[in-house]
Amino acid sequence: MTDRETTGGALDGTAPRTALVFPGQGAQKAGMGQTWRDTASWGLVAEVSEYSGIDVEELLLKTDDETLRRTDLAQIAVFTTEVLAHREAEAAGLLGDVVACAGHSLGEYTALHAAGALPLADTARLVAARGRAMRACAERSPGTMAAVVRLGPETVEALVTQVQEDGGQVWIANVNAPGAIVLSGTAEAVDRLAELALENEGKVIRLAVGGAFHSPLMASAADDVREALAAVHFAAEHLPVVANVDARPYASGEHWRELELNQLTSPVRWEESVRTLADDLGCTRFVELGPGRQLTGMIRRIAKGALTVPVESAAALAKLAAPEAPEAPEAPENPETSGTPEPR
């Protein structure tokens, strides 16, 4: 194992260029706040509850998995655990030389907060408003999502076009990693594409989600989110955040209202975003902050040789922050399952 593989830095010993990344809805699970309950940052939970109007402590400690699938509750719960992980990792000195941030769908809001683009109060209000708007829109325009595996992007695009030409409503919603594409659409259109995928030796895995997120079926959510975005103040300058909609880095608050509105109905270009972080911004170390390790699995398939540091719990953080604790690459993940739980 080389020095770069164990430290994430260059062979000359310079500090690795670090990207902070934050997962999206789908990473939630019952009791996920318990690991952070005894940390110094736990008081942030009460703050987020006040700003959002939701009892977040109840969500993080007592709410069951089925209830946490509700879009508005899942989003504020995941966001809060990401803020806790970020604050604790920062206090422990684990973040290092951070040069950029990115988040998968919902996680983009936490990335904006971590980058200094938004204060906590405004970010929590936005996340709460976004969750409510997306839930209401999904009830008006029912849909679903599904992961496609074992098929290349060109084949998936061709199958989507075929279903659309037959009148079906289905779109590519996430391009997460090589071989990991997520679709959004009506249940009937997704079922039809699943049939076509089997004929092409592919496989479609339906996801337990509440709507066809990141597709035109989310268009009616834009009005409510637009109003919430108009009420917050973005910093004129902040650490670069790579946007989901075009995989470009932005370091000015003037762009984010439009970007977040577009994100509702546009695909998440996560694979391309990671390449921007690694190739264009020179990041060799990726710190994932929040529940689960889904982004870590994706990143290891995209940025070969990059160091991934998942901070999913206080125990994991303590282990990483211990004196002389090595940061080493993890084993590769199953390409059929890695990347599928992060639809929004």
Problem - Tally, over segment 45-84, of residues that are closer than 22 Å to ALA315 by Cβ, part of a helix (DSSP H, G or I) and of a type outside the set (Asp, Glu) - result: 13
Practice task
Quick one: which residue in LEU259, LEU277 is surrounded by fewer than 24 Cβ atoms within 10 Å (Cβ to Cβ), aliphatic (A, V, I, L, M), under 19 Å from the mean Cα position of the chain (by Cα) and within 26 Å of ALA89 (Cβ to Cβ)?
Solution key: LEU259
Practice task
Kindly establish whether LEU317 is out of contact with any Ser or Thr (no Cβ under 8 Å at 6 or more places or on another chain), assigned by TED's automatic domain parsing to the domain that holds VAL242 and farther than 30 Å from ALA221 by Cβ.
Solution key: yes
Exercise for the section: Please name all residue pairs, on different chains or six or more residues apart, with Cβ atoms under 7 Å, provided the first residue is in segment 185-207 and is within 21 Å of GLY167 (Cα to Cα) and the second residue is surrounded by fewer than 18 Cβ atoms within 10 Å (Cβ to Cβ) and of a type in the set (Ser, Thr, Tyr). Expected result: ASN200/THR155
Problem - Residue satisfying condition, being touching a residue at least 40 places away in the same chain (Cβ under 8 Å), out of contact with any Phe, Trp or Tyr (no Cβ under 8 Å at 6 or more places or on another chain) and under 23 Å from VAL241 (Cβ atoms), within set THR80, THR35, THR39 - result: THR80
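Conditions tested, residue by residue: (1) surrounded by fewer than 21 Cβ atoms within 10 Å (Cβ to Cβ); (2) within 17 Å of the chain's Cα centre (by Cα); (3) of a type in the set (Phe, Trp, Tyr).
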{"position": "GLU157", "(1), (2), (3)": "yes, no, no"}
{"position": "ASN176", "(1), (2), (3)": "no, yes, no"}
{"position": "LEU183", "(1), (2), (3)": "no, yes, no"}
{"position": "SER220", "(1), (2), (3)": "yes, no, no"}
{"position": "ALA228", "(1), (2), (3)": "yes, no, no"}
{"position": "VAL242", "(1), (2), (3)": "no, yes, no"}
{"position": "ASP246", "(1), (2), (3)": "yes, yes, no"}
Practice task
Evaluate segment 148-157: report whether one residue or more is assigned to a strand (DSSP E or B), touching a helix residue (DSSP H, G or I) at 6+ places or on another chain (Cβ under 7 Å) and either of a type in the set (Lys, Arg) or in contact (Cβ under 8 Å) with a residue 40 or more places away in the chain (or both).
Solution key: yes
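Results for (1) in the same structural domain as LEU118 (by TED's automatic domain parsing); (2) of a type outside the set (S, T, N, Q); (3) assigned to a loop (DSSP other than H, G, I, E, B), shown as yes or no for each residue.
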{"residue": "HIS233", "(1), (2), (3)": "yes, yes, yes"}
{"residue": "ASP246", "(1), (2), (3)": "yes, yes, yes"}
{"residue": "HIS255", "(1), (2), (3)": "yes, yes, no"}
{"residue": "GLU258", "(1), (2), (3)": "yes, yes, no"}
{"residue": "SER273", "(1), (2), (3)": "yes, no, no"}
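The values are calculated or read from the model by the stated rules, or taken from the named source; none is laboratory data. The model shown is predicted, which means the values in this text are computed figures rather than measured ones. Heads up, the Cβs are rebuilt from the backbone with ideal geometry, glycines too, and the neighbour counts pull from every protein chain shown.
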